[in-house]
Amino acid sequence: MSDGHVRGRVSAEMAESVADAMFALSAPSRVRILSLLRERPHTVSELTEAIAMEQSAVSHQLRILREHRLVIAERRGRQRLYALYDEHVGALLDEAIGHVDHLAAAGRRRRTSAAGGEDGSR
């Protein structure tokens, strides 16, 4: 892995930090916000419109994402522009989505096999 991290046993401190990051991904609205920010930085009003949530709810989710250092905010006049904290956040999101896709594909294969084979015949 990068940044000098070697795979192996995870310390209690590292486990706590990883669990915190995973908590930040535990709400569908936060995942949707991160996916939008992966495309480009957005203002709160842009995010509110894109995911059809109340502004106060989006702001609350952004506060959680900021607290867990998954997003950063830059002031632009009277607005704040939100972006991913760094490229690792995008990679984390990609891995989580890839894992879910993999599980879904495995489930489809199991259902197809249980129905009588790969071609669906018995």
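The values are calculated or read from the model by the stated rules, or taken from the named source; none is laboratory data. Since the model is a prediction, treat every value here as computed from it, not as a measurement. Here the Cβ positions follow ideal geometry from the backbone for every residue, glycine too, while neighbour counts run over all protein chains shown.
For segment 73-81, state whether one or more residues are within 14 Å of Arg32 (Cβ to Cβ) and crowded, with 16+ Cβ neighbours inside 10 Å. Even if it seems obvious, please write down each step before you answer.
Taking segment 73-81 and keeping what is within 14 Å of Arg32 (Cβ to Cβ), we get none.
No; the residues of segment 73-81 include none that is within 14 Å of Arg32 (Cβ to Cβ) and crowded, with 16+ Cβ neighbours inside 10 Å.
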Check on Arg75, out of contact with any His (no Cβ under 8 Å at 6 or more places or on another chain) and under 20 Å from Phe23 (Cα atoms): no
Condition first: touching a residue at least 24 places away in the same chain (Cβ under 8 Å) and over 12 Å from Arg40 (Cα atoms). Now tell me which residues in segment 82-93 satisfy that. Val89, Leu92, Leu93
At least 3 residues that are under 23 Å from Ile97 (Cβ atoms), over 12 Å from the mean Cα position of the chain (by Cα) and at pLDDT 95 or above in each: list the helices (runs of 4 or more DSSP H) lying fully within segment 1-86 that qualify. 44-51, 55-67
Between residues in segment 94-122 that are in a helix (DSSP H, G or I) and residues that are modelled with pLDDT under 75, which pairs lie under 8 Å by C-beta distance while being six or more apart or on different chains? Thr112/Glu118; Thr112/Gly120
Considering segment 17-60 alone, what residues qualify as being surrounded by fewer than 11 Cβ atoms within 10 Å (Cβ to Cβ) and among the charged types (D, E, K, R)? Glu39, Arg40, Glu54
